[in-house]
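As structure tokens, the structure follows; a few thoughts come after it.
No lab work stands behind these numbers, since they all come straight from the coordinates. Keep in mind that this is a model prediction, so the values were computed, not measured. Heads up, the Cβs are rebuilt from the backbone with ideal geometry, glycines too, and the neighbour counts pull from every protein chain shown.
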Amino acid sequence: MKKLLLLLLFIPLVCFGQIKTAENNLKPDEKIKYYNKNWIETSKSKAKYYRTYLTNSYDSIFKIKDFNKNGIIHREIESLLSLEINDNYNTPMGKYRRYNNKGMLIFQHEFPKFNYRNQNESRSYFDKKSNKDLEGIYELQFFNKRLKGIIIYDFEKDSYYLTCIDYRILVKIEETSNPNSFTYVTPVGRRTMNKTGNGIYNLQETNNYLYKRYPEFSNTNTKKIKNDGG
């Protein structure tokens, strides 16, 4: 029993020591952040993961490497659009690799890499690829505000995500019995959205809608993802 108690006391010291080693091994321009199990920024003492990354004078975030508290690689991301406290709302760009708890590669993908805040660059991206389902440039009407957003498909999570200026919202699309509607699911709830004659998708709330500005819907990009129960 005494040996077990000593072991349980020893494990946190090893993990904390690994993080301390990572801090000491940072390159001159490299920075570090700490995250809890839900990938929300936290203190070093409560960290389950830590992230090293580089920035430049243009506020770009690049060469991101995520590790678990034992120092095993968890993820590599070429760059991020922004760096939010909740990592679930960050937008990855470029090459992306994820590893299992033994550090073995299990998923890789290349996310769109363009300036989301520049409509010309956004249009150029969509002109060069075969758009998947609901991907495109949207106008978001939220009560008295009009915002611009871009919806991209995340192959790893099998979900669409909506990037609006500096934040990311995961959007799950579920099949409905009505071909002109779909269910819009986010971590805070779900809404049924309907396609009308002028291409507006309503959130069933007064003055709220998504309007696809570019590219226009066609028979080849209006498919829906079937509900997988997730």
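So here's what we get for this one:
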{"quantity": "The range 85-101 - phi-based ³J(HN,Hα) in whole Hz, Karplus 6.51/-1.76/1.60, Gly and Pro as x", "calculated": "4, 9, 5, 5, 9, 8, 10, x, 9, x, 5, 9, 9, 10, 10, 7, 6"}
{"quantity": "Residues whose placed amide H lies under 5 Å from that of residue 99, excluding near-sequence neighbours", "calculated": "75, 106"}
{"quantity": "Computed E for residue 26/residue 114 - FRET, C-beta separation, R0 35 angstrom, nearest 0.05", "calculated": "0.75"}
{"quantity": "Extension reserve of the residue 128-residue 190 stretch, reckoned as 0.36 nm per residue once the Cα distance is removed", "calculated": "19.1 nm"}
{"quantity": "Relative exposure of 177, 124, 43, judged by other C-beta atoms within 10 Å (fewest first)", "calculated": "177, 43, 124"}
{"quantity": "Residues whose placed amide H lies under 5 Å from that of residue 192, excluding near-sequence neighbours", "calculated": "184"}
{"quantity": "Amide H partners (placed H, <5 Å) of residue 113, local residues excluded", "calculated": "94"}
{"quantity": "Gyration tensor verdict on the range 29-97 (Cα atoms; rounded if a/c is under 1.5, prolate if a/b is larger than b/c, oblate otherwise)", "calculated": "prolate"}
{"quantity": "Low-density loop positions, chymotrypsin sites (Phe, Trp or Tyr not before Pro), the range 146-186 - DSSP coil, at most 14 other Cβ in 10 Å", "calculated": "155"}
